[in-house]
Amino acid sequence: MTPIISVSGLDKVYASGLRALDRVNLEIRRGEIFALLGPNGAGKTTLISIICGLVNPTAGTVIADGHDIARDYRAARAAIGLVPQELTTDAFETVWNTVSFSRGLFGKPRNPAHIEKVLRDLSLWEKRDQKLLSLSGGMKRRVLIAKALSHEPSILFLDEPTAGVDVSLRKDMWALVRALRATGVTVILTTHYIEEAEEMADRVGIINKGRIVLIEDKATLMRKLGQKKLIVRLRAPLGEIPEALTAWPLVLSEDGAALVYSYGASDAGSDGGPGPLITALGDMGLAIADLETTQLTLEDIFVDLIKEAA
């Protein structure tokens, strides 16, 4: 399938000499939710701004829904909806007017039915006649999404969509993004909330210092890089790991009261895994007080990858 966004050899060097992007290559699949992760200053917003036609690249090409963003700017931009990180709204306009105006900016004919649907989907219908200055921060962010969807784009960029909003509203946003994907809209989001990517994304891209460090299906990433830990708490502490247990990569806690065993999330490993380990402990007469398992999260993986790329 032809990607809906294709980025090739993208560079951005500012007049100050700062290289914000360094030979970025990226393909976004049609209809997916793609999460772009990276620390502050990694190049996330610069990349989005170039794709959306707000910043000129130094080199490279970007194709959005079949249109070159430089040669066919109007068609490319019309395919894209952008929800910026900053809460920039027309404070003295009503919700209905500002969303309708955004649709007109793209040369789309009036379509009150579509505007109504967008407002209802975002729980803004009851607020349609209110001025934006009277809305809460969370409602203003919903208005920004409504404006981005007003011209029926096939691609939606969300730059830190839930920054500064409460947990309840964040979950509402997650539900909205899934609903948009179900209608065929491709969603690309940048986020500092790792759980946001872990909850929603089909694929994850990690960018650092202007370079793409990794792009992977989320499930594959977790399977390949995720690790599990089994913590075996003993009734009686050990002075050292018994020789009979050297087949397993065990670490003894400082107080000798726990054995920690790390193994791959996708399999039990060549040492036989946790089952045989528990059997071996029983055969040795080591009494187990408790068992605890933990799994490496996407945040752990993200931090490790950034450290490796530094």
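FYI, it's all coordinate maths here, none of it is from the lab. Predicted, not measured: the structure shown is a model, and the values here were computed from it. Methodologically, a virtual Cβ is constructed for each residue, glycine included, from the backbone with ideal geometry; neighbour enumeration extends over all protein chains shown.
Take every Cα pair under 8 Å whose residues are at least 6 apart in sequence, average their separation, divide by the length of the chain, and the relative contact order is 19 percent. Using the structure shown, select from K44/K117; K44/K108; K44/K228; K44/K147; K12/K131 the pairs with a Cα to Cα distance greater than 28 angstrom. From the list (K44/K117; K44/K108; K44/K228; K44/K147; K12/K131), the Cα-Cα distance tops 28 Å for K44/K117; K44/K108; K44/K228; K12/K131. For a paramagnetic label modelled on A287 (point 7 Å from Cα along Cα→Cβ), amide N atoms under 15 Å away belong, within the stretch 209-241, to 233-238. Simple point charges give the picture: +1 on the Cβ of Lys and Arg, -1 on the Cβ of Asp and Glu, and for the chain a dipole about the Cα centre of about 1580 debye.
Normalised by the number of residues in the stretch 159-247, the average gap of Cα pairs under 8 Å and 6 or more apart makes the relative contact order 18 percent.
Count neighbours as other Cβ atoms within 10 Å of each site's Cβ, and list the GluC sites (Glu not before Pro) in the stretch 171-258 that are DSSP loop with at most 13 such neighbours. Within the stretch 171-258, the qualifying GluC sites (Glu not before Pro) (loop, at most 13 other Cβ atoms within 10 Å) are E240, E254.
For the stretch 11-26 versus the stretch 110-160, the spacing of their alpha-carbon centroids is 33 Å. May I ask what percent, to the nearest 5, of DSSP beta bridges between residues of the chain are antiparallel? Around 70 percent antiparallel, to the nearest 5. With viscosity set to 1.567 mPa s at 4 °C, what whole-number translational diffusion coefficient in µm²/s follows for the stretch 5-222 from Stokes-Einstein and a Kirkwood radius over Cα pairs? It diffuses with D of about 73 µm²/s by this estimate.
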